[in-house]
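Worksheet for the structure shown next.
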Amino acid sequence: MVKQDVIKTLGPSGTDAHAEAVRIGGENIELFPSFRAAIDDSETHGGRALVAAGYLDMSNGSVVDSWVDLHFSKLRSMTMVGVWESPTKPMCVAVHSEFSGEIADIRSAASHPATLQFVREHMPVDVTVSTVRAKPEAARLVSEQVVDACIGSVDVVESIENLKILKKLEATMVWCLYEHR
């Protein structure tokens, strides 16, 4: 049986969800491949699930899951025990260190669906965007030169040797904490 003080949320290590879970709950955290998987596990095995209100999961440009869908699907089994706004980790537009252009030269990018607004605001209008489940995955795609750029977390981007930051961004997120009814 899992203790109730375990916080389950989106991984991998380096996500805003992981950082927020550490901030509110210490080190008793389990990371999952999606917010849906985290809340499903909390529903089945106990523990609390931390979900971003900005949660969107996309495939081929279409929304396949969202915080709204997740929340309404769990109304009978899970209850929201907390909701708050807090700053995300600082974010950035990052490129591979061999990318010689400026932001206006970016042709392809990776972004978590929740940060697509930053792509629209800070990258060329004709950029081709691939969506990923977590910003660390976006940074990895740039590091491997699969795409030109990403919206990434500054700490993750700075930890990857062959990436460089073109522009820093700041934001907040609304967080929802759930537990089994």
Which of (i) 121, 25, 21; (ii) 53, 32, 25; (iii) 64, 35, 23 is the computed Cα extents along the principal axes in Å? It is (ii)
P(r) over all Cα-Cα pairs of region 57-110, 10 Å bins from 0 to the longest distance, whole percent per bin, short to long, reads 15, 26, 31, 18, 10, 0
So, over other residues within a Cβ distance under 12 Å of Gly152, counting Lys, Arg +1 and Asp, Glu -1, the net charge is +2
For region 1-82, the Debye formula with one identical point scatterer on each Cα and no solvent gives log10 I(q)/I(0) at q = 0.11, 0.16, 0.23 Å⁻¹ as -0.27, -0.56, -1.13
The lysines whose Cα lies under 17 Å from the Cα of Lys74, excluding any fewer than 8 residues away in the same chain, are Lys8
Computed over region 98-181, the convex hull of the Cα set has an average projected area, in nm², of 6.5
With +1 at each Lys and Arg Cβ and -1 at each Asp and Glu Cβ, the charge dipole magnitude of region 118-181 around its Cα centre, to the nearest 20 debye, comes out at 160
Between Thr79 and Asp105, the FRET efficiency computed from the C-beta separation at R0 = 45 Å comes out, to the nearest 0.05, as 0.40
Expected field for His96, accessible surface area in Å² at 1.4 Å probe radius, rounded to 10, holds 20
Simple SL model, points at 7 angstrom along Cα→Cβ for Ser59 and Thr128; separation in nm is 2.2
Full extension between Glu98 and Glu121 adds, at 0.36 nm per residue less the Cα distance, a length in nm of 5.9 nm
One finds the C-alpha centres of region 145-169 and region 18-80 to be spaced, in Å, by 25
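Have a look at the DSSP beta bridges in the chain and tell me what percent are antiparallel, nearest 5.
70
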Rounded to whole angstroms and listed largest first, the alpha-carbon spread of region 69-140 along its three principal axes comes to 52, 22, 22
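The values are calculated or read from the model by the stated rules, or taken from the named source; none is laboratory data. Nothing here was measured: the structure is a model prediction, and the numbers come from that model. When we count neighbours, we look across all protein chains shown, and the Cβ atoms used for this are built from the backbone with ideal geometry, even at glycine. With ligands, DNA and RNA removed, areas are computed over all heavy atoms of the protein, side chains included. Shrake-Rupley method; radii C 1.70, N 1.55, O 1.52, S 1.80 Å.
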